[in-house]
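A short write-up of the structure that comes next.
The values are calculated or read from the model by the stated rules, or taken from the named source; none is laboratory data. The structure presented is a predicted model; accordingly, all values stated were derived computationally and were not measured. Please note: Cβ atoms are built from the backbone with ideal geometry, for glycine as well, and neighbour counts cover all protein chains shown.
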Amino acid sequence: MNVVARLVVCSLALLIILPAPAQDWPHWRGPNYDGSADVKGIPDTFSKFKNVKWKTKMPGPSACTPIVVGERIFLSSVDSKRDKLVAMCINRQDGHILWKHDAGSGYPGGTGGRRSNYSSPSPATDGKNVVFFFGNGDLVGFGHEGMKRWSRNLQKDYGQFAFQWTFSASPTIWEGKLFLPILQRDVPVGRRGGDGSGDKIKSFLLAIDPATGKTIYKHDRPSPARMESLECYATLIPFVRGDGRKELLCVGGDVLTGHDPASGKELWRWGTWNEGHRQRAWRLVPTVVSGDGVAVICAPKRAPVYAIKLGGDGKLDAKALAWKSQGRPNNISSDVPSPAYRDGHFYVLSDVQYALSKVNAKTGKVVWSTEVPRDYLWRASPTINDGKVYCINHTGLVIVVDAKSGKIVHKTFMGEVDDDQIRSSVVVAHRALFIRTWDTLYCIGK
């Protein structure tokens, strides 16, 4: 191969793996799909009254983590006064609402109580189209200027969802396709689920054209799990192997699988963290995260964290397990928050052990473990940027932890007195933090 050809091949390889522009936050887990960013100039200290560039009142509560692309912030919400699901776009510079449109087929007031509602998933964008998904199955595509391009309801298309809780997986846009996993029970639950035929309900992966809303493929994703353990609320995560092969990482139903994004075909499978599939109530919430050649899975209900070696094919055996945490004894466990990854380490926020831990990605060795306040739950996923880890709890208490030492270097209360269900992750983009509380979006910056 001559020098020019080698340069072309190397350039193409770089194009395959380069993430979104570093300043943007285009996916609910950020530009690298792992909860990390690379943004400078964030204030060391802040509060509701200090280093606030702007704040914007939200029409209602939501666990949706905003996404940030260029000058625009996209997020969903409920409109509490009108019982509607809404898609929103906000000007990143001043917090002005550029557009707000009814996007769903209606929000039944009180559904899920204060714990959850249909607007929990984050939107996704390819730079031209922005797609909003809601827990009732509504999927709506807009242009960045607010023009509605298409809409459909996945429950009408494929049958009622069979989830005990409100479905909340966020979509992923990658390789020109919008991906969404529907990992659900195989029988109705609470009189919900299926198409009424009485047939077993299937779990599946969907690939959709973000410009038109048309289905590109629907691929069944079977699982040996039982009852609630079939349910998963996690997001599909892109991964590119060392040899350039592209995969979608899908966790849930007691197993981890890798899929071809072009067809949905299953390439490999590892499992399980639920031996003999004995536990029937192990629904899975945390999204898988990869780094240093392994994928980390947080098994539910105080169970351990598992690190699986990536790069295999077919049915993976016990040799694929790189390491496993000890779970409860050493704080490395998470029932809801998804871990973050940066520079050879995973950052695991335990909502069951009330601790944030830094773990070596290759060995599983715990570098440090820092206790977090136990007053309220921590269910938003951690964000890491510029040597700091940002966490927010249900009341809006934000802690900033030094990634090297594990020391809490800043603490501030961003919520209001009655807030008790804040679950949006802290977003870092364009030299600012974006913090969503129960009814307000804050922009923190110098």
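Numbers for the structure displayed
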{"item": "Strands (runs of 3 or more DSSP E) within segment 127-198 that include 2 or more residues buried (at least 19 other Cβ atoms within 10 Å of the Cβ)", "result": "129-133, 138-143, 172-174, 177-182"}
{"item": "Filter pass, S381 being polar (S, T, N, Q) and within 22 Å of P304 (Cβ to Cβ)", "result": "yes"}
{"item": "Some residue of segment 384-401 being over 25 Å from W282 (Cα atoms), in contact with an Asp or Glu (Cβ under 8 Å, 6 or more places away or on another chain), of a type in the set (V, I, T) and surrounded by fewer than 20 Cβ atoms within 10 Å (Cβ to Cβ)", "result": "no"}
{"item": "Yes/no for P261 being surrounded by 15 or more Cβ atoms within 10 Å (Cβ to Cβ), of a type outside the set (A, V, I, L, M) and either over 19 Å from Y306 (Cβ atoms) or free of Cβ contacts under 8 Å to residues at least 12 places away in the same chain (or both)", "result": "yes"}
{"item": "The lone exception for A22 - which of (1) modelled with pLDDT of 95 or more; (2) under 15 Å from A432 (Cα atoms) it fails", "result": "(1)"}
{"item": "Residue identified as modelled with pLDDT of 95 or more and out of contact with any helix residue (DSSP H, G or I) (no Cβ under 8 Å at 6 or more places or on another chain) among D254, D209", "result": "D209"}
{"item": "The listed residue being polar (S, T, N, Q), farther than 19 Å from T235 by Cβ and modelled with pLDDT under 95, out of S11, S47", "result": "S11"}
{"item": "Residues satisfying the stated conditions in segment 54-89, i.e. outside any strand (DSSP E or B) and among the β-branched types (V, I, T)", "result": "T65"}
